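Visitor: For reference, the structure I am asking about is given below.
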Amino acid sequence: MNVNKGRTSALVMSTIAMVIGFSVWSILSPMANDIQVLYGLSATQKSVLVAVPVILGSIMRIPLGILSDKYSGRKVYAITLLFLVIPLIGASFAESYAALLVYAFFIGMAGTTFAIAITFVSGWYPKEKQGFVLGITGVGNIGTAVAGFAVPVIVSVYSIDAAFRILAVAVIIMTAIFWFGTKERERTGPPKTFRQSMEALKYRQTWILSIFYFLTFGSFVAFGIYLPTLLQDLFEVSSVSAGQRAAGFVILATFVRPVGGMLADKIDPKKLLFGIFSVVTVFAVVLGFFNENIYIFTVSCLSIALVVGLGNGVVFKMVPMVSPSNTGAVTGIVGAAGGLGGFFPPIVLGMLKDTTGSFFYGFIFLALFSLVCLLINMLKASNVASESSSNMVKA
């Protein structure tokens, strides 16, 4: 097998498949207001519906990352994609909020495509190229923007049910393309046991990167899935307009991700993260105090999109270096933390909106957490390369 051809197909197909996966993961947010009207939901109920897919897609990144390492990222990817067809079709026939909530939970499996893709692709490339390459793989996050553009249009032209069914068909087609367009990578050693994989939890750097990714990717997910709702609640724009504006956030954050990885290949990641966390802290405070001005809101959101996108690339440049022989487990753990970072904010914002009538405290919480990450980076974060050398010896 031609190694370069295998690498390229793994990178391209994994990225495109993640686009479809993230479109599925984000399908509920662009139609949330339509569903709210349909079932007469409160702001909290709507927020729960939007956030529910995030929790399964986050938690399941750990076992699926490990399975991708142990068996085959290609097989795990294909099986996961096919599984998504079941809750998508089920959701299209749901006739109550409770039923839709159940299907939304299982739609969350789409979020695991990130951990599978990173594990599959990282196995094909040497560590000196992984910052940029894994940044490119992360461009699959653009699926959130695809959903933001496409789903409101499908709903307005056809129906909510049609949106679920159309994506189900897209998943089936993508699975076939991925399966026949990729090859298995050659294994360099025996597969790890579950116990060996979970040794990644012993490394301090795993936990530090999890906290950082909770902020950077969590912000990406939270803004990506909740911005349509925020824009409609704050500025009374249409669902199509809100979806398109939110897609702008996702597109910017997604396409600067490879830049973050590339910069981290050349510049001390600790210095990059210092700047990233500083910018998030400042603009989160600005959003708290000026979230009723659409121009300030837009500039602040795009500024956060820019730096968290860079941050996603920087953090995942470091992930394969924590334990090069145990990438799937570290990827799953850090990826799960990032996904969970996107689960809580929408629910908190919805509850705060119901209880206080404002989103002010939600943005202030974001600023405070970013400040915590800034302090951890200054006081605790060490050079990953030197620490990973010790981990390689243990592995």
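Visitor: Of the candidates Gly341, Gly275, Gly108, which one comes out as most mobile in a Gaussian network treatment of the chain with C-alpha springs shorter than 10 Å?
Guide: Greatest mean-square fluctuation among the candidates belongs to Gly275.
Visitor: Further question on the same structure: Dipole magnitude of region 230-281 about its Cα centre, charges +1 at Lys/Arg Cβ and -1 at Asp/Glu Cβ only, in debye to the nearest 20?
Guide: Result for region 230-281 is approximately 260 debye, rounded to the nearest 20.
Visitor: Order 262-272, 131-141 from most to least packed using the mean count of other Cβ atoms within 10 Å.
Guide: 131-141, 262-272
Visitor: Order these peptides, 284-293, 309-318, by their mean beta-carbon neighbour count within 10 angstrom, highest first.
Guide: The most tightly packed comes first, giving 309-318, 284-293.
Visitor: Rank Pro269, Phe114, Phe344 by how far each Cα sits towards the positive end of the charge dipole of the chain (+1 on Lys, Arg Cβ; -1 on Asp, Glu Cβ) and give me just the farthest.
Guide: It is Pro269, whose Cα lies furthest towards the positive end.
Visitor: What would the Debye formula give as log10 I(q)/I(0) at q = 0.15, 0.30 Å⁻¹ for the alpha-carbon point model of region 261-314, no solvent?
Guide: -0.44, -1.08
Visitor: OK, next. Among [x] 1.44; [y] 0.99; [z] 0.93, only one was calculated for this model; which label is it, if the read-out is Cα Rg over 2.2 N^0.38 Å?
Guide: Answer by label: [z].
Visitor: Longer than 26 Å from Cα to Cα, which of Lys183/Lys270; Lys75/Lys202; Lys317/Lys353; Lys70/Lys380; Lys129/Lys271; Lys129/Lys270 are they? Say none if no pair is.
Guide: Lys183/Lys270; Lys75/Lys202; Lys317/Lys353; Lys70/Lys380
Visitor: Let me ask another. Quick one: which of 296-306, 146-156, 51-61 comes out on top by average Cβ neighbours within 10 Å, and what's the full order, highest first?
Guide: Averaged packing, sorted descending, gives the order 51-61, 146-156, 296-306.
Visitor: Next question, about the same structure. Rolling a 1.4 angstrom probe over the protein chains, ignoring ligands and nucleic acids, what is the accessible area of Arg74 in square angstrom, nearest 10?
Guide: 30
The values are calculated or read from the model by the stated rules, or taken from the named source; none is laboratory data. Given the structure is predicted, the values throughout are model-derived calculations rather than measurements. FYI the Cβ positions are ideal-geometry reconstructions off the backbone, even for glycines, and counts take in every protein chain you see. Ligands, DNA and RNA are stripped out before the accessible areas are found, and what is left, the full protein with its side chains, is counted by its heavy atoms. Shrake-Rupley method; radii C 1.70, N 1.55, O 1.52, S 1.80 Å.
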